[in-house]
Amino acid sequence: MSAAHENEAFGPSQALDDGTIAARTDAYFNRTREIVTRFGDRQVTYAMFIRRPVISAPRLMTSWLENVARARGIAITHEVMCPEGAWVGAGEPLVYVTGSFAALAPLETLLLQKLGPPCVAAHNAYQMALALPGVRFLAMEARHCAGFEMQEQMAYAASVGSRAAQREGALGFVGGANDATAGFFGDLPGLGTMPHALVGYAGSTLRAAEMFHETYPDSDLVVLVDYFGREITDALEVCRAFPDLAAAGRVAVRLDTHGGRFLEGLDPQSSYAALERNTPGTIRRYRSDTELRHLVGTGVSAAAVWRMREALNEAGFAKVRIIVSSGFSVEKCMVMADAHAPIDVVGTGSFIPDRWSETYATADIVSYDGQPLVKVGREFLLRKARDRAVPSAS
């Protein structure tokens, strides 16, 4: 993440007052604090982990913890066991946190909220980017999030998972859809061109493209072509209206075809044929009904992408790019990779975990005043605790 955006992007990680923390944490942690304060505080160490494989994405959590410690003038230390972007196995401790039991007990709920979801979403983003290593991704999570704090977590996660995939040769996520979280991906502002609403307002796909180009003449022209159900017809009409931009590679068509219908000119039989022409044998490798739908079904299928590429090339617009959106999850990206779909950019928010229960992080105290102790069943955390280095101060 760029230094220019770091403070802005991590704004929600600012410390909260005691009353707000007490209201947002679980009641038994508040009661624990009162009991410990009455009978004598102890120094404890928490181990935090997730029950499934993830990509380590702890920075939102640790930043908030550091801010809380600084605001209260209390000594809390933490050690990140797996560097940001590292793959972590199920149950492996991600972070150890050490400090006053009375001070830490009320923080547990909020710390776990900031750890689990980003780690799982980062893992999804990593898998998506690796599945399509030659494709650029645009993070479009905002509209699917329950407020800005979740949006910040998801955008941060996409950037962490993306950088992990980039280290393995993938292009990964190159930007986000709005300015508030764009800093996680570099110094560019939010990316995007037009929604369906603008096409409806303009009355035609071509007119929407003309309006956009008149307003933003220096920007590449990315046209949403599914509004009227004439994806190929409208895409070609726009390309013919802007031949110089198309020849320069500055035009792209975005496919977001509704899942209730096929791309213009396709049906089940012609979808099979499109795949056979371009990627023979792919259709015979599908393993589930879901994969079959991604290959030759309605909406933005692999066959739809191939058919659009054929139409553009046949009309002389080989440099026009294809951008896709609509449900591009890890599984759909893998199917598109198997079909060698000619995709240039994927716009997606589907790195957001499908099952929120997968995102639940857990914390257990593993030592009291330096003496190892943990509940039965979590002894594996003690083994890691014995091996860990001296934690860094918050």
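The values are calculated or read from the model by the stated rules, or taken from the named source; none is laboratory data. Since this is a predicted model, take the numbers as computed values, not measurements. Cβ sites come from the backbone with ideal geometry, for glycine too, and all protein chains shown count toward neighbours. The area values use the complete protein model at the heavy-atom level, side chains included, leaving out ligands, DNA and RNA. Shrake-Rupley method; radii C 1.70, N 1.55, O 1.52, S 1.80 Å.
Some notes on this structure:
- Checklist (1) part of a loop (DSSP other than H, G, I, E, B); (2) free of Cβ contacts under 8 Å to residues at least 40 places away in the same chain; (3) of a type in the set (A, V, I, L, M) applied to Ala57, failing item: (2)
- Residue in the range 60-67 that is in a loop (DSSP other than H, G, I, E, B) and touching a residue at least 12 places away in the same chain (Cβ under 8 Å) present: no
- Flag set for Val54, criterion: of a type outside the set (S, T, N, Q) and over 19 Å from Val374 (Cβ atoms).
- When the residues of the range 49-59 are filtered to those that are among the charged types (D, E, K, R) and in contact with a strand residue (DSSP E or B) (Cβ under 9 Å, 6 or more places away or on another chain), the one that is least open to solvent (accessible area, probe 1.4 Å) is Arg59.
- Filter result for Val160 (β-branched (Val, Ile, Thr) and under 12 Å from the mean Cα position of the chain (by Cα)): yes
- Scanning the range 202-234 for residues that are surrounded by fewer than 18 Cβ atoms within 10 Å (Cβ to Cβ) and either in contact with an Asp or Glu (Cβ under 9 Å, 6 or more places away or on another chain) or aliphatic (A, V, I, L, M) (or both) yields Ala202, Ser204, Leu206, Met211, Phe228, Gly229, Arg230, Thr233.
- Condition met for Arg163 (open to solvent by 10 Å² or more (accessible area, probe 1.4 Å), of a type outside the set (Ser, Thr, Tyr) and closer than 14 Å to Ala121 by Cα): yes
- Residue match in the range 199-215 (condition: closer than 20 Å to Leu245 by Cβ, outside any helix (DSSP H, G or I) and at pLDDT 95 or above): yes
- For the range 60-110, the tally of residues that are open to solvent by 20 Å² or more (accessible area, probe 1.4 Å), of a type in the set (A, V, I, L, M, F, W, C), under 21 Å from Val374 (Cβ atoms) and in contact with a Ser or Thr (Cβ under 9 Å, 6 or more places away or on another chain) stands at 4.
- Test for Tyr156: is it among the hydroxyl-bearing types (Ser, Thr, Tyr), open to solvent by less than 50 Å² (accessible area, probe 1.4 Å) and touching a strand residue (DSSP E or B) at 6+ places or on another chain (Cβ under 8 Å): no
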